[in-house]
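Q: First the structure, which I've put down as structure tokens, then a few questions once you've had a look.
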């Protein structure tokens, strides 16, 4: 039956509900406190039980720790006890020997042999250390005088006796008595009585008996002394007790009972000899033993024959002695204490519950009285309110229709709308507001607009906003707020103040639009105009603007401004070998590294390709500038990890300084670029400051580059061949192909045009031509002579890439040359720039059948650890080491070492720059395989080389020939 709620029935329902609620509340409180009292007692009992068990365990742990400390002490002093024992016995025997000798001398017996017999026989039957110790006597010549355990070897020499480690026992004893004090200890290994087939460690103490030139001493095995100490430890543990009934038991890891105070009759018995019940307990303890110790519980018999009782034990493994320590005690006293605590808790809980029931009954009576009075007052109050409500109902219906119209407009607006009260707490928002901010209406109603604050605006900004709202009743502008997902975005916000009849602010109505897309477009356009998209560095345009500003300030202040152009060395090689993705990755890593180290006033920019620009707006001194440039060079040269490769990249830097090298951005950039070209041309990994003469040199370099690009087409290149002489056969067995450029202006040597060809990339087609031409020429010589010649071709760092394998394969195929007659020469620095990639490429080249030579060995920075990783056939010793031999000891030592290293690595050695007979004699004696240099022949064009090969072989004359260098 449904309830009828009206002004008459509501007070009655209120009275019934209030009285029922009070009764239910009192009942719940009573149940809560009763249960809480019981749980508190149980928790207290459990805490006491845990504390008592913890105390019991701590007592066991303290006993075990004390015993472990004693065992450790005993083990550590095993050697000390042994040394004290044998030293004491030896000195007593020495006193006895001296006494017999002195007595015989005083009695007139001067026959040393008879005196020796008396002393020896007096000591033969001496025994100690439980019967295992004895005295031995030897001579300083190693002859055995007395050995009671093996009398059959007395009179024999024991000088060559060794133990199982190779130690000479008798020599060790002799060394011990040869000390200044005339005696000492000797450690060796010998067959132990308990282990006839196994040697054990033994220590002997000997002293020198001067009258007969004897060594007298005794010794003992370390394990036997340790066994003695174990027995002492067992005796000590047997007398140890703790608590009411705690004691220590000791088991051996093989199951033997070493100590059992509760059942001494089981001591010495093996596991199989124990009773089944006792055996099960011992097995359980052995299985539970660990080096850290483990607590275990089991039932065992008390000595009063009252049956099984609970026990707690700490089982600790002592691996050094193969012991298992068991610290144990019965738990009867602990369980009795816990039972007493439980009984006391039950009594206290019963008393607390009775007291609480009395208090709750009194509280219930008071609460019911108050509830009845409150119900009567509410009945009168409801009647008065009902009349007022009826009057307001008509007014609300009229206003509701007006609000529905406003709500429809509010909900359908495309702009976000927010209405807040006079204290700026949000009252309502429309769907467009929720879509823009990401908040639902329930999440924002009742909050202030501070919920959306981005933190980008200062306090002054908001003070001006509220000031305008108070004066003009309206404000609009751009504001940065935060969406629900944390994103900060711009919005166009307009706020209008709604006032009440008294002219006071009643509501604030805010309309907002999201302008983030328009702002993002503006920012992207600005970024693209000023920054490089790959490295996020300022681009050339922004660098120009900042340079112009810095020059303007420098003209006014008289300061100097520096513009640096940083160009990466051989960056093209990275793109060609690892791909453009690796090159882009390298540029980004270097950009981050340089940006992190740039000073606050410096501008780091990417000019394009592999070039960076650095603006230093305030240069205090030339020394400071040089130091800063060196720091940038060092930063670039630190290893970079890309695609599982650790790359070492260097840079060259050109420096232009205002006001000396230009007074605007374009002129300074041109000067810095010119200086950069000179830095690259002078070895790279360096810097150069601009000088006017550089412009002329750059012009000449550009002319040479232009001529070099047409040299292949105009057939201006020619190969010279320098013979390589074999010491074993005293004949020419190969040659090295060397490139010459017959340009229109004359012969150009490789040291002038090869670096330019590498820098411009022209070395790739030039190197391909050299490879093909050398293979064809070697094939022609192979058909002309019965003795084939090998040809060595130098490989540039630019050529050393995966494509080289195909180039070599095609050159061999087109020429028909046998692969083993082609030798490819690479340098240390080339291989070490990428160890993993170089090793793989060398393996692929070797798979074709070609041979590999490491050129200029010893001048680079390769380590011997990496040398064995590379697939090599030859080491070429650089001429810088050959020139000084044999007069320069350092050069001679280095050359000999390289030859020795190559011999152990099964590599052939080729010496370069051999010019004198002294060079030849030294290299031949050191074991070098081959040589080349002006002593044999300078590089020759093909006709002269073929003429040289047609000459009769006269090895003797070859050694007598000596040619000086002419360039």
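Here, each number is a calculation from the coordinates, and none is a lab measurement. Here the structure is a predicted model, which means the values were calculated and not measured. Cβ sites come from the backbone with ideal geometry, for glycine too, and all protein chains shown count toward neighbours.
Q: Which shape class applies to segment 631-769: rounded if a/c is under 1.5, otherwise prolate when a/b exceeds b/c and oblate if not, where a ≥ b ≥ c are the square roots of the Cα gyration tensor eigenvalues?
A: Judged from the Cα gyration tensor, segment 631-769 comes out oblate (a/c at least 1.5, b/c at or above a/b).
Q: Follow-up question, since we're still on this one. Can you put 218, 880 in order, fewest other beta carbons within 10 Å first?
A: On the way: 218 23, 880 14.
The fewest-first ordering by Cβ neighbours comes to 880, 218.
Q: Among rounded, prolate and oblate, which fits segment 711-960 when a ≥ b ≥ c are the square roots of the eigenvalues of its C-alpha gyration tensor, a/c under 1.5 means rounded, and a/b larger than b/c means prolate?
A: Since a/c stays below 1.5, the shape of segment 711-960 is classed as rounded.
Q: Would you report the distance distribution of C-alpha pairs in segment 751-810 as whole percents per 5 angstrom bin, up to the bin with the largest distance?
A: 4, 17, 24, 21, 15, 11, 6, 2, 0
Q: Within the chain, what percent of beta bridges assigned by DSSP are antiparallel, to the nearest 5?
A: Bridges in the chain that DSSP calls antiparallel: roughly 80 percent.
Q: Could you give the nm distance between label points at residue 379 and residue 46, where each point is 7 Å from its Cα heading toward the beta carbon?
A: Rounded to a tenth, the inter-label distance reads 5.2 nm.
Q: Would you list 851, 740 from fewest to most Cβ contacts within 10 Å?
A: Lowest to highest Cβ neighbour count: 740, 851.
Q: In nm, to one decimal, how far is the residue 150 label point from the residue 835 one, both placed 7 Å along Cα→Cβ?
A: Those two pseudo-labels are separated by 5.4 nm.
Q: Continuing with the same structure: Given contacts defined as C-alpha pairs under 8 Å and at least six residues apart, what's the relative contact order of segment 682-823, whole-number percent?
A: Here the relative contact order equals 20 percent.
Q: Take the alpha carbon gyration tensor of segment 240-330, find the square roots of its eigenvalues, order them as a ≥ b ≥ c, and report rounded if a/c is under 1.5; if not, report prolate when a/b exceeds b/c, else oblate. Present the calculation step by step, with values, prior to reporting the outcome.
A: Values: a/c = 1.57, a/b = 1.20, b/c = 1.31.
Taking the square roots of the gyration eigenvalues as a ≥ b ≥ c, segment 240-330 is oblate.
Q: Continuing with the same structure: In which sequence would 476, 463 go, from the one with the fewest C-beta neighbours within 10 Å to the one with the most?
A: The most exposed by this proxy come first: 463, 476.
Q: Separate question: For residue 411 and residue 387, FRET efficiency with R0 = 45 Å and r from the beta-carbon atoms, rounded to 0.05? Working shown, then result.
A: Numbers: r = 36 Å, r/R0 = 0.80.
Step by step, r from the Cβ atoms, then E = 0.80.
Q: Once you keep just the Cα pairs under 8 angstrom separated by 6 or more residues, what percentage relative contact order results for the chain?
A: Relative CO of the chain lands at 5 percent.
Q: Once you have the Cα-Cα distance between residue 598 and residue 167, take 0.36 nm times their residue separation minus that, and quote the gain in nm to one decimal.
A: Values: separation 431, 0.36 × 431 = 155.16 nm, distance 6.60 nm.
Full extension of this stretch gives 148.6 nm more.
Q: If R0 is 56 Å, what FRET efficiency do you get for residue 351 and residue 284 from their C-beta distance, rounded to 0.05?
A: After rounding, the FRET efficiency stands at 0.80.
Q: Modelling each spin label as a point 7 Å along the Cα-to-Cβ direction, I'd like the residue 589/residue 904 distance in nm, to one decimal.
A: Placing both labels 7 Å beyond Cα along the Cβ direction yields 3.4 nm.
Q: In the set [x] 2, 10, 18, 23, 21, 13, 7, 3, 1, 0; [y] 2, 7, 9, 8, 8, 8, 9, 12, 14, 11, 6, 4, 2, 1, 0, 0; [z] 2, 9, 15, 17, 17, 14, 11, 7, 4, 2, 1, 1, 0, 0, 0, which value of P(r) over Cα pairs in 10 Å bins from 0, in percent was calculated from the structure you see?
A: The listed entry that was calculated here is [y].
Q: Continuing with this model, one more query. Grab the beta carbon distance between residue 646 and residue 369, set R0 = 60 Å, and tell me the FRET efficiency rounded to 0.05. Present the calculation step by step, with values, prior to reporting the outcome.
A: Details: r = 89 Å, r/R0 = 1.48.
According to the calculation, E is roughly 0.10.
Q: If you don't mind, another one. So what's the gap between the Cα centers of segment 522-585 and segment 247-286, to the nearest angstrom?
A: 84 Å
Q: PRE reach from residue 227 (point 7 Å along Cα→Cβ): which of segment 77-97 fall under 16 Å by backbone N?
A: Under cut-off, by backbone N: 82.
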